[in-house]
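Just so you know, all these numbers are worked out from the coordinates, no wet-lab data involved. Everything quoted here is computed from the prediction, not taken from an experiment. Every residue, glycine as well, gets a Cβ built from its backbone with ideal geometry; the counts of neighbours run over all protein chains shown.
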Amino acid sequence: MEPVRAIEGRAIPFGLKNVDTDLIIPARWLKTISREGLGAGAFEAVRAEPGNIFDDPRFAGAPILIAGDNFGCGSSREHAAWALADMGVRAVIAPSFSDIFSGNAFKNGILTVALPQDAVDRLLAVAQTDPVSIDLESQSVTTPFQDRFSFPIDPFRKDCLLRGLDEIGLTLARDAAISTYERRLDAAQPWLVRGTALSA
Amino acid sequence: MASKPRTLYEKIWDAHVVERREDGTCLIFVDRHLVHEVTSPQAFEGLRMAGRPVRRPELTLATPDHNLPTTARIDAAGQRLPIADGQSAQQLSALEQNVAEFGIRYFNATARQQGIVHVVGPEQGFSLPGTTIVCGDSHTAAHGGMGALAFGIGTSEVEHVLATQTLLLQPSRTMEIRVDGELGPGVTSKDLILHIIGVIGTAGGTGHVIEYRGEVFERMSVESRLTVCNMSIEGGARSGLVAPDETTFAYLKGRPFAPQGAEWDAAVAYWRTLHTDPGATFDKSVVIDAGTVEPTVTWGTSPEDTAPITGFVPAPESFADPSKQDAARKSLAYMGLEPGQKLAGLPVENVFIGSCTNSRIEDLRAAAAVLKGRHRAANVKWAIVVPGSGLVKEQAEAEGLDRIFTDAGLEWREPGCSACLGMNPDKVPAGERCASTSNRNFVGRQGPGSRTHLVSPAMAAAAAVTGRLVDVRELV
């Protein structure tokens, strides 16, 4: 994964709350066996409306999306994160995120920035005309108008993003600990393995 | 020294910690992993690219469900029929190649055991109390009805589980939803969970694991518990669970992957320790009186937009939160509804009975009880019943339920996710209403422009025979 440090540019002031992952990418786009090209289906239902914000030339290629509460709720489809990435979105700012979506976003190097509603409202206003900057190291969002908002982030995720770490590689390095656990589990609950043993 | 009282969630979590990092992130062991065709191809491809094997193939079970058509799969000569949609066929064949290459147990598209992963897991005894269960599908929460810690994951996590049999996670906060008293006649587990989501909202459980407690859940069948836990994600909680008890053990005994013989007794002895200790505390607590719950329907485009069938479409101004007012206005425009309209009597053109929420035998019996001796209303153009698995289908046919459905003018289909998510050909046309036993009423979920009203199986059956949303208590 590419390291993530700073994200700066225009921000799409979408603002809608409870944006579900069906809205981000409808199921018919999930027939693919690839991670690529899903931007074409992103927000399809919204884009069907003339004058929608996603097709507004001011926000073409904008790296930031600003939305309402509970962004990414619903389906666990990682295609939602892939679709946003394919659109060029590298960070989403919202008052809150669904747990599964924020994990999926993180694994694709998309930063989820949770800020209080009043800060989000201010950024929605600024984004109409001006760019927004996000700095991961200092965990802050700034605007050309001296606004500065701090956001929380899990320290493990922050470290992974800053260093562009591969989570699977990290866990594979803990192989000995996993093996120890497996032996303990087999002794304590032998039925867990017996029931599912595959015939040779 | 007496240990600190713990919740059920904390007991299962603690038992699965492989390692705790300094920053609080834990490496959690995964006991059971379910795989389907839609969220797995990129994970297997990732393994292939990195040259990584599957660490514990025997702990993963795969079956196709999301994308598979629900029309006939074999012809009269027993030959497998091709899938018309090229992309869907390619996705299915990718799964078949992946399970063969990585040595994973697979119930293929025509196997009796094939079905919706969340129906198959409990039915096979693959989902056991006290286990951690994951799947690349948010409705994995369903398996919490077995007393398991079960949650949906993304495809990168699917790859992580395949490679390491673990996940890196932060512990969740705990939430108790207590329902005491008794559900009234005609009020089901589906009505209760819709009512609960209406109370807590779609973000009410975010960051939390819900434990459903109280008399109502203690008396519930396992299948009803699965329905309740299934929709925990619609309340924002990645997992929901019910403590395992004698009902759970009786359900599991003798199932193919359940423990046997002396190990059964050892397992049950362990499972009996899986309950929240007296004195354990929850971060959040919600109490609901079962007697206040009525047959419940959704009116909007979020599962929190619920109302009793005896109620009315709300006015957007009735919500305190301005953003909710705005969302309600958009929902009503999309749904073609006016504030103050009575919910009972709304005409529906489509009926869907199925999905991981409501496609088990108990659900089909409830629908059949209403449909028996009645017929689909003239304005209902499309009504399908999709069993959750091949085994549910066999059981229903053995009981004659399929005849009740077809005699009533409903179609009896092959198992799969079907019209719940509008991925395979089973879709609701734009601008038309569907009384649906599924779990999501999002914009476009059942097809572009589709208008979904979430209901129980009995209420869906009532809609099929009257051609409108109706209080099922008037029909029984």
Computed over the Cα atoms, what is the radius of gyration of the stretch B:5-115 divided by 2.2 N^0.38 Å, N being its residue count? 1.38
FRET efficiency, B:Leu81 to A:Phe145 (Cβ-Cβ, R0 60 Å, nearest 0.05): 0.45
Just the Cα atoms of chain B: what Rg and Dmax do they give in Å? 21.6, 70
Relative contact order of the stretch B:1-109, pairs being alpha-carbon contacts under 8 Å that are 6 or more residues apart, as %: 27
Stokes-Einstein D for the stretch A:117-200, Kirkwood Rh over Cα pairs, 25 °C, 0.890 mPa s (µm²/s): 141
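Counting other beta carbons within 10 Å of each Cβ, put B:Leu475, B:Leu401, A:Leu165, B:Leu149 in order, fewest first.
Least to most surrounded, the residues fall as A:Leu165, B:Leu475, B:Leu401, B:Leu149.
What whole-number value in cubic angstrom gives the convex hull volume per residue for the C-alpha atoms of the stretch B:242-302?
Once divided by residue count, the hull of the stretch B:242-302 is 201 Å³.
Output the antiparallel fraction of DSSP beta bridges having both residues in the stretch A:81-200, as a percent to the nearest 5.
Approximately 60 percent, going by the DSSP bridge assignments.
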CD proxy, 222 nm, chain B: helix-only mean residue ellipticity via -39,500 (n - 2.57) per DSSP H run with n ≥ 4, per residue, nearest 500, stands at -9000 deg cm²/dmol
Just want the ordering: A:Ile178, B:Ile28, from fewest to most Cβ atoms lying within 10 Å of their own Cβ. A:Ile178, B:Ile28
Please rank B:Val242, B:Val286, fewest neighbouring Cβ atoms within 10 Å first, as an exposure proxy. B:Val286, B:Val242
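What does the net charge come to around B:Ser3 if you take all other residues with beta carbon closer than 12 Å to its beta carbon, with K and R at +1 and D and E at -1?
Local net charge: 0.
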Taking every alpha carbon pair in chain A, what does the distance histogram look like in 5 angstrom bins from 0, in percent? 1, 7, 14, 17, 17, 13, 9, 7, 5, 4, 3, 2, 0, 0
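When only DSSP loop residues count, what trypsin sites (Lys or Arg not before Pro) in the stretch B:270-334 have their Cβ near at most 14 other Cβ atoms within 10 Å?
When the trypsin sites (Lys or Arg not before Pro) of the stretch B:270-334 are filtered for loop state and at most 14 Cβ neighbours within 10 Å, B:Arg272 remain.
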Within chain B, pairs of Lys residues whose Cα atoms are less than 23 angstrom apart, provided they are eight or more positions apart or on distinct chains, add up to 17
Report relative contact order for the stretch B:296-474 in percent, whole number only (criteria: Cα-Cα under 8 Å, sequence separation at least 6). 29
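How much mean residue ellipticity at 222 nm does chain A get from its helices, if each DSSP H run of length 4 or more adds -39500 (n - 2.57) and you divide by all residues, to the nearest 500 deg cm²/dmol?
So the calculated ellipticity at 222 nm is -9500 deg cm²/dmol.
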Taking the DSSP beta bridges in the stretch B:173-292 as the whole, what percent of them are antiparallel, to the nearest 5? 0
Using only the alpha-carbon atoms, what does the stretch B:275-407 span along each of its principal axes? Please give whole angstrom values in decreasing order. 51, 51, 25
Of every Cα-Cα pair in the protein assembly as shown, the percent that sits beyond 33 Å: 44
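Based on DSSP, what percent of beta bridges with both residues in chain B are antiparallel, to the nearest 5? Mind dumping the intermediate values first?
Values: 14 of 54 bridges.
Among the beta bridges of chain B, antiparallel pairing accounts for roughly 25 percent.
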